[in-house]
Amino acid sequence: MHHIHTHIQRVITVAGVIALCAIVVAVAGCGAGGSPVSGAVSFDAAPVDSGTISFVPADGKGPTFGGVITSGRYEVLAPTPGPKVVRVSAVRPTGRKLPPDPLVGGTEPVDEIAPYIPEQYNDLSTLTCDVVAGPNSFDFHLKSP
């Protein structure tokens, strides 16, 4: 019984340390500042249902940040101001079915999904914005080439 009690104490202690570290990081992140960045993302006039957006320092110095796009909207916290290159990625079903994947254990065909945002908006992005201290709002209305 003592062994079980000691093990439970150790698990609680480890969990407590992890929780404390998370709180310290969150407070440090908040204390360090940051600027909220939000906006809309559409492709060919339709909101991007689900995807990702990232902001890369244009000069290559400093952290990259980003988040998810949900129902055509995103909200992230910019740790540093300045000019950014914006990258948008998203996938959707192609309409084709693929055979079941034995690694997943499924028995039914699955929808094939593929990226649909052109590389000019992600890997070879030409999108830019200039993040300033305080709230920022940038909408990105992307179009097929």
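Results for (1) at pLDDT 95 or above; (2) out of contact with any helix residue (DSSP H, G or I) (no Cβ under 9 Å at 6 or more places or on another chain); (3) of a type outside the set (K, R), shown as yes or no for each residue.
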| residue | (1), (2), (3) |
| --- | --- |
| T70 | yes, yes, yes |
| Y74 | yes, yes, yes |
| R87 | yes, no, no |
| D101 | no, yes, yes |
| G105 | no, yes, yes |
| E112 | no, yes, yes |
| N122 | yes, yes, yes |
| N136 | yes, yes, yes |
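Being at pLDDT 95 or above and under 13 Å from L77 (Cβ atoms) holds for only one residue in S50, S35, S42, and it is S35. Of the strands (runs of 3 or more DSSP E) contained entirely in region 55-142, those carrying at least 2 residues that are assigned by TED's automatic domain parsing to the domain that holds V41 and more than 15 Å from V41 (Cα to Cα) fall at 73-78, 82-98, 110-115, 127-131.
Screening K143, K61, K84, K97 for residues that are free of Cβ contacts under 8 Å to residues at least 12 places away in the same chain and of a type in the set (D, E, K, R) leaves exactly one candidate, K61.
Please find, among G39, G51, the residue that is of a type outside the set (V, I, T), under 17 Å from P135 (Cβ atoms) and surrounded by 14 or more Cβ atoms within 10 Å (Cβ to Cβ).
Values: G51 fails: under 17 Å from P135 (Cβ atoms).
On inspection, the qualifying residue turns out to be G39.
Every residue in region 102-145 that is among the polar types (S, T, N, Q) and surrounded by 11 or more Cβ atoms within 10 Å (Cβ to Cβ), please. Lay out the reasoning, then the answer.
Just the residues of region 102-145 that are among the polar types (S, T, N, Q), to begin with: 107, 120, 122, 125-126, 128, 136-137, 144.
Q120, N122, S125, T128, N136, listed by residue number.
The values are calculated or read from the model by the stated rules, or taken from the named source; none is laboratory data. Just so you know, these numbers come straight off a predicted model, no measurement behind them. Cβ: placed from backbone, ideal geometry, glycine included. Neighbour counts: every protein chain shown.
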